[in-house]
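Student: Would you mind keeping the following structure in view while I ask a few things?
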Amino acid sequence: MSRTNLAQWFHHSSLTHPTHPALYAEGRIYTYSELLNQVIQIASALERLDPNPEHPTAAVFAYRSFTAYASVLGILYGGKGYVPLNPNFPMARNVHIATLSGVEIMILDENCAKAGHELLSHFVHKSLTVLLPDHVTRPEWSLEFSQHRFFCQGDIFVSVPQVQTPKPCQEGAIAYVLFTSGSTGVPKGVMVGHDHVNAFVTAMLERYQPTPEDRFSQHSDLTFDASVYDQFVCWAAGASLYPIPQNQRMAPAAFIKEHALTFWESVPSVIMFMKRLYLLQPGVFPSLRWSIFGGEQLTQAAVELWQKAAPNARIENTYGPTEGTICITGYFWQPGISEGVCHLGAVPIGLPYAGQSAAIFVDEEPVALEDGAKGELCLSGSQVTPGYWQNPQETKRSYFERVNEAGELQRWYRSGDLVLWKSAVGFCYLDRVDRQLKIRGYRVELSEIEHVLRQVAQSDHVAVVGWPKVGGGNVTGVVGFVCGSKLTDQEILEQCSQKLPYYMVPRRLMRLDQLPLNASGKIDFLKLLEGLGE
């Protein structure tokens, strides 16, 4: 049975609005027609130059360029799934991802061509098909690799392309594979199918009602699944996509204003980063009509600050792991009401989207959703992915099946996230299950300590880690990290001791100019631990 190709959303908009702006990249606007022509050429080149059906995926090593987005769509048009690589990642991680995913095809844009030299040098015993759409002739460095096949503009762009429309997909066909950090340190490839993303896009179109006149931000890198949100909800609506330049990603105020963006989507860290730079003045973003946050905890202080800066925007806090296809629950912020339902200063993550299910499990068993129920959030529904790329052991550990009340076999994903249920708002995110530690026999949630530290230090930029570890999820204490507080360490710790049990008070504080962030813009707790000697 054939299914709808994810790229069909874009294709339909291209036929309906061919002269409408589809993408702003490298300082200029590209229409749907211009992007479509490039997409069809890349899809046709893949069909001609590597028609092997045993190669279900192709890697994209490109960054915020016209070629990057055309390559993603071209791979999908050709019936393959894309595997994004990231020039901001350490090269070893890109090599590992390309190796694990078994890609035989790579597309490089001009921005990544030089780094591509180093990447390809790690594949001396494998022959790859390499497309260079931005190159008229082969770059000199490519001559070092006789084992690889290189194709430039003259090979890619032909007068009559073979592929004209997205290929129909077979049931279970992969749209993309994204690699997330594994508990063993080895990245896990999450296989996301066309069906999963189509279910998500359909829900978002209904939820937000975007129009061709909307202008969407593209804040996330292609290796973070929020990028799929921006691209395909935007193009499904016939709207325009505006990738944020790398040098403005954490301080995009000028970009939002210059291009009068109407849809903003990012991690909440961006709010507090801009606050420190005094970029969030009241009414500074009047064009925004939707602001969607996800990927990490959204605080009440952050959302109130953003609401003042974007007074015409409706704000939603979303939640979802990659395994649940981008985001799967949401909570709409309601000024004057939501302030009273935040938990430990954090905005709820709300309820699952239509057609999706969420439940709290404790010791492998579901618990009744009554006020105060707490446990691991598990997810089910048409957005939940089948498992990890060639990793049955991790798939078995993270996914399970249960017979529901209707007698049907239901597949569930263990999120690893600790949540609290409030009947008035739905789920409230607490922390990662693995950040719930034991200190001297007491079970402690680090998010609770962070909430108090945030209040006491009068800083939104705080973090807490358990340290030192003594095994079995136990630590002997915690260390706090604080940015920008005017209080002394002694003043902060004394006030913490008045609000927290003695075993939850940080043993010491570390002062930082700013908290380290990972490639997705989230707080990098591993970096913080490394600074302590772990």
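The values are calculated or read from the model by the stated rules, or taken from the named source; none is laboratory data. It should be emphasised that the depicted structure is a prediction, and the values quoted were computed from it without experimental measurement. All Cβ positions, glycine included, derive from the backbone under ideal geometry; neighbour counts span all protein chains shown. Side chains are part of the model used for accessible areas, which takes the heavy atoms of the whole protein and leaves out ligands, DNA and RNA. Shrake-Rupley method; radii C 1.70, N 1.55, O 1.52, S 1.80 Å.
Student: Probe of 1.4 angstrom, ligands and nucleic acids ignored: what's the accessible area per residue over the stretch 377-534, in square angstrom?
Tutor: Heavy-atom accessible area per residue stands at 49 Å².
Student: Among the listed pairs Lys469/Lys522; Lys499/Lys522; Lys308/Lys486; Lys80/Lys527, which are separated by more than 32 Å between their Cα atoms?
Tutor: Those over the limit are Lys80/Lys527.
Student: Placing +1 on the Cβ of each Lys and Arg and -1 on the Cβ of each Asp and Glu in the chain, which of Val190, Ile42, Leu261 has its Cα farthest towards the positive end of the resulting dipole?
Tutor: Leu261
Student: Using only Cα atoms, what is the ratio of the radius of gyration of the stretch 189-258 to 2.2 N^0.38 Å?
Tutor: 1.18
Student: Quick check: net charge around Leu108, other residues with Cβ under 12 Å of its Cβ, Lys/Arg +1 and Asp/Glu -1?
Tutor: After counting each charged neighbour, the total is -2.
Student: While we're looking at this one, here's another question. Just subtract the alpha-carbon distance of Lys396 and Lys257 from 0.36 nm times their residue separation and send over the number in nm, one decimal.
Tutor: 45.3 nm
Student: Out of the total accessible area of the chain (probe 1.4 Å, heavy atoms of protein only), what percent is carbon and sulfur?
Tutor: Within the chain, the accessible surface is 51 percent carbon and sulfur.
Student: How big is the Kirkwood radius of the chain, worked out from every pair of different alpha carbons and given in Å to one decimal?
Tutor: Every distinct Cα pair counted, the radius reaches 24.4 Å.
Student: Roughly how many nanometres apart are two label points built 7 Å out from the Cα toward the Cβ at Leu526 and Trp141?
Tutor: With each label point 7 Å from Cα toward Cβ, the separation is 2.5 nm.
Student: Scan the chain and note any complete DSSP helix (H) whose C-alpha atoms cover at least 20 Å along its axis and whose Kyte-Doolittle average is -1.0 or more.
Tutor: 32-49, 194-208
Student: What percent of all Cα-Cα pairs in the stretch 339-450 falls into each 10 Å bin, going from 0 up to the bin containing the maximum distance?
Tutor: P(r) for the stretch 339-450, in whole percents per bin: 13, 41, 33, 13, 1.
Student: With 5 Å bins from zero, work out the P(r) of the stretch 1-43 over every alpha carbon pair and list the percent per bin.
Tutor: Going out from 0 Å in 5 Å bins, the stretch 1-43 shows 6, 22, 27, 23, 13, 5, 3, 1, 0 percent.
Student: Nearest 5 percent is fine: what portion of the DSSP beta bridges confined to the chain is antiparallel?
Tutor: 65
Student: With only alpha-carbon pairs counted, each pair once and no self-pairs, how large is the Kirkwood hydrodynamic radius of the stretch 401-513 in angstroms?
Tutor: About 15.9 Å for the stretch 401-513.
Student: Here is a further query. Would you work out if the stretch 247-306 is rounded, prolate or oblate? Take a ≥ b ≥ c from the square roots of the eigenvalues of the alpha-carbon gyration tensor; rounded if a/c is under 1.5, else prolate when a/b is larger than b/c, oblate otherwise.
Tutor: On the way: a/c = 1.39, a/b = 1.27, b/c = 1.10.
The shape class here is rounded.
Student: Per-residue counts of other Cβ atoms within 10 Å, averaged by peptide: what ranking do you get for 358-364, 404-410, 510-516, 48-54, highest first?
Tutor: Peptide ranking by packing, descending: 358-364, 510-516, 48-54, 404-410.
Student: Write down the Kirkwood hydrodynamic radius of the stretch 29-176, to one decimal in angstroms, obtained as one divided by the mean of 1/r over all alpha carbon pairs.
Tutor: One over the average 1/r among Cα pairs gives 15.3 Å for the stretch 29-176.
Student: Sticking with this structure for a sec: At 7 Å along Cα-to-Cβ for each site, give me the label-to-label distance between Gln281 and Gln164 in nm.
Tutor: So the label points at Gln281 and Gln164 sit 5.4 nm apart.
Student: So, one more: Roll a 1.4 Å probe over the protein chains and send me the accessible area per residue for the stretch 120-176 in Å².
Tutor: 55
Student: A follow-up question, please. Do any chymotrypsin sites (Phe, Trp or Tyr not before Pro) in the stretch 110-162 lie in a loop, going by DSSP, with at most 16 other beta-carbon atoms within 10 Å of their beta carbon, and if so which?
Tutor: Listed in order of number, the matching sites are Phe157.
Student: How large is the accessible surface per residue of the stretch 19-61, computed with a 1.4 Å probe and reported in Å² as a whole number?
Tutor: Per residue, the stretch 19-61 has an accessible area of 38 Å².
Student: If you wrap a convex hull around the Cα atoms of the stretch 114-200, how much volume per residue is inside, in Å³?
Tutor: Each residue corresponds to 177 Å³ of Cα convex hull volume.
Student: Now for a different question. Can you give me the orientation-averaged projected area of the convex hull built on the Cα atoms of the stretch 247-359, in nm²?
Tutor: The orientation-averaged projected area of the Cα hull of the stretch 247-359 comes to 7.7 nm².
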